[in-house]
Amino acid sequence: YQSVKILSDLQFGSNVEKVNNSEIIRWCNQKLVLAFSSKMRCKQIRKINDSSLTTGMYYLELMRSIRPSAINDELINLNIPPLSSSIKKDFNLHDKHYKKRRQNL
């Protein structure tokens, strides 16, 4: 999420308007469709906190669409399920630094 948030704070060229999340999502999805069409190994995302992003596959496909040689396909495990919200909540409950991070938000 943080890496996408950083992208949303970017400004392009002389345009002083900031890029919003929907523009980032649209650009990324278009990039994947143009590069892979039906051979895409992940689904398109609809929102910035889409659970499918937890597998990392979307990011790998995006990198592969920009620079194909950056990804070694032999090292990718395609059988990783997205992290469910119950697992994320459970992780946060057992994370000893979770409360401190929440206070700093």
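The values are calculated or read from the model by the stated rules, or taken from the named source; none is laboratory data. Note that the coordinates shown come from a computational prediction; the quantities given were computed from them, not determined experimentally. No Cβ is skipped: glycine too gets one built from the backbone with ideal geometry, and neighbour counts run over all protein chains shown. To get the accessible areas, we keep the full protein, side chains included, count just its heavy atoms, and leave off ligands, DNA and RNA. Shrake-Rupley method; radii C 1.70, N 1.55, O 1.52, S 1.80 Å.
Observations, loosely collected:
- Against the criterion of being outside any helix (DSSP H, G or I) and without any contact (Cβ under 8 Å) to a residue 24 or more places away in the chain, Arg46 qualifies.
- Taken over segment 32-85, residues that are over 24 Å from Ser22 (Cα atoms) and open to solvent by 80 Å² or more (accessible area, probe 1.4 Å) amount to 9.
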